[in-house]
1. Looking at (1) more than 16 Å from the ligand (Cβ to nearest atom); (2) closer than 26 Å to V226 by Cβ; (3) surrounded by 15 or more Cβ atoms within 10 Å (Cβ to Cβ), which one does A144 not meet, given that it meets all the others?
2. Provide a single number: the residues in region 31-42 that are farther than 18 Å from I94 by Cβ and within 13 Å of the ligand (Cβ to nearest atom).
3. Going residue by residue through region 206-221, is there one that turns out to be closer than 30 Å to G133 by Cβ and of a type in the set (D, E)?
4. Can you report the number of residues in region 26-65 which are of a type outside the set (F, W, Y), in contact with a helix residue (DSSP H, G or I) (Cβ under 9 Å, 6 or more places away or on another chain) and part of a helix (DSSP H, G or I)?
5. Would you mind stating whether P99 is within 11 Å of the ligand (Cβ to nearest atom) and over 26 Å from L178 (Cβ atoms)?
6. Can you tell me which residue in region 254-283 is nearest to L205 (Cα to Cα), limited to those that are of a type in the set (V, I, T) and within 16 Å of the ligand (Cβ to nearest atom)?
7. Please verify whether region 245-253 includes one or more residues that are of a type in the set (D, E, K, R), modelled with pLDDT of 95 or more and within 16 Å of the ligand (Cβ to nearest atom).
8. Determine whether R76 is in contact (Cβ under 8 Å) with a residue 60 or more places away in the chain and either of a type in the set (K, R) or within 16 Å of the ligand (Cβ to nearest atom) (or both).
Amino acid sequence: MTAQLIDGAALAKEKLSQLKQTVISLQGRGIQPGLATVQVGDDAASRIYIRNKSRACAEAGVNSIHHDLPAQSSERDVLRHIDTLNRDASVHGIIVQLPLPKHLDARRISQSIAVAKDVDGFNWRNLGALMEGTPGIVPCTPRAAMVMLDSAKIRFEGRHAVVVGRSNIVGKPVALLLIARGATVTVCNSHTADLGAITRQADVLVVATGKAGLITRDMVKPGAAVIDVGINRLPTGKIVGDVAFDEVKVVAGWITPVPGGVGPMTVAMLVENTVNAAARNQQ
Ligand code: GUN
């Protein structure tokens, strides 16, 4: 058996072109959606991610304005900058790219973004809404995983979903989304004993650990839907996921590639959160 590919790049393109139509209709009402991206310091990977986010915004007709702050900025400087963006009516979404330099409190800085502009969905109010199952801004990568599963028409009720990874950005929120859809959910972590015994039970397997090739063929149930959130750079420079793609695609029913899977769809979800924030702002 060979898995069907869930093509994140193609799905993202389609999503951005739908969003462009929404943006055109917002512009007709005098609303130009805008995203502010903030980077503190010069992390090379962050620079690439921000560039991808700006390109996706441009594709959907969303303004994106980048704010580069020096690595030695004080916490007060960063908080003051965010406060200005919180008050700026032309800005509907704000993201502070992580990781931040060590001397800054990432938690305090993330929480200082206005709830209505928190298009990363990291604010406790938005995370609380997610836990409760009420409307709020949902974090982009977990949303991307769910939209990709929906594109493959995966059912959740009566199925076992296994999440490998328990981060606040991916593992925990995706587990909540899967619970909300009626899946039976197990969340594993790096200490889980006999990980394969659990992942082999998964009808839906979401992997977000940052460990290249962690999930091998013997750890996957035949026919499972496998969502690979990992982005790892090998010493050769090659980018790979947390799933050993070439061997797992032989047993899985559906699989996302890396690159070209969850990554581009995550960026499209950020643009969607920004467009939705702009639309809500005007109601
Ligand atoms: N760094 C890695 N992933 C993310 C993300 O989803 N949002 C932000 N702001 N920074 C990140």
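The values are calculated or read from the model by the stated rules, or taken from the named source; none is laboratory data. Note that the structure is predicted; figures quoted are calculated from it, not measured. When we count neighbours, we look across all protein chains shown, and the Cβ atoms used for this are built from the backbone with ideal geometry, even at glycine.
1. Condition not satisfied by A144: (1).
2. Here the count works out to 0.
3. no
4. Counting residues in region 26-65 that are of a type outside the set (F, W, Y), in contact with a helix residue (DSSP H, G or I) (Cβ under 9 Å, 6 or more places away or on another chain) and part of a helix (DSSP H, G or I) gives 8.
5. Considered against the rule, which asks whether it is within 11 Å of the ligand (Cβ to nearest atom) and over 26 Å from L178 (Cβ atoms), P99 comes out as yes.
6. That would be V262.
7. no
8. In short, no.
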